[in-house]
1. Ignoring any ligand, DNA or RNA, what whole percent of the accessible area of the range 41-166 comes from carbon and sulfur when the probe is 1.4 angstrom?
2. Which order do 86, 46 take by accessible area at a 1.4 Å probe, largest first?
3. So what does log10 I(q)/I(0) come out to for the range 13-166 at q = 0.18 Å⁻¹, using the Debye formula with one equal point on every Cα and no solvent?
4. Calculate the length of the line joining the C-alpha centroid of the range 103-164 to that of the range 43-98, in whole Å.
5. Output the peptides 151-159, 59-67 sorted from most to least packed, where packing is the average of other Cβ atoms within 10 Å over each peptide's residues.
6. Can you compute log10 of I(q)/I(0) for the range 73-137 with the Debye formula, treating each Cα as one identical point scatterer, at q = 0.12, 0.24, 0.28 Å⁻¹?
7. For the cross-link pairs 38/107; 38/134; 107/134, which exceed 29 Å when the distance is taken from alpha carbon to alpha carbon?
8. Would you mind working out the accessible area per residue for the range 114-166, using a 1.4 Å probe, and quoting it in Å²?
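The values are calculated or read from the model by the stated rules, or taken from the named source; none is laboratory data. Bear in mind that the values here come from a model prediction, so they are computed numbers and not experimental data. Don't worry about glycine lacking a Cβ; one is built from the backbone with ideal geometry, like all the others, and counts go over all protein chains shown. The accessibility values were calculated without ligands, DNA or RNA, using every heavy atom of the protein model including side chains. Shrake-Rupley method; radii C 1.70, N 1.55, O 1.52, S 1.80 Å.
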Amino acid sequence: ENAEVGWPTRINSIYEYVIDETEDPLYAMDQLESEIEKAFDIDIHYYAKIDFHGFVDIVDAMDGITVDVEQAIFDDAYPAPDGSNYLYEPFYLEAGTQELDGETALKYVRSRHNTSDFDRARRQQEVISAIKDKAMSIGMLTSPSQIKDLYYAISANFETDMEIDE
């Protein structure tokens, strides 16, 4: 724990820790921003937050995304869903071009066993790019129902302190 404030030493745990203590998401985000600014000597001007459920909802609202899986992934220690009788469930994804629904895309970006952190970061960037490409595609832009579904998925699951023009 951080000796000064009693927080966990992992920076990605600070937000949840403050939420558990205060039940105030704005204060929790402020504390997380402050700790990141101190740790990395940077200024944070804005934040954007989306949870796992929101990620799944957004990909599903787009009717999935296409990614090119460089090498097959087998993660025998992927966390099992909440409420499961098991701690882990195996996750396998073949190499090659794949169409991913929201749940599979989440597993693809979160999988951490049998690959490196660099691989995981690359997959996360690849999926963000695939979401952007799909959102800007002519098929998406000409589908009012998909635009509506995407709008609802984003508005229900996305928090930021940016203004619309930013």
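1. 53 percent
2. 86, 46
3. Normalising to I(0) and taking log10 leaves -1.28.
4. Rounded to whole Å, the Cα centres lie 10 Å apart.
5. 59-67, 151-159
6. Calculated log10 I(q)/I(0) at the listed q: -0.33, -1.10, -1.32.
7. Pairs exceeding 29 Å: 38/107; 38/134.
8. I get 72 Å² per residue for this part.
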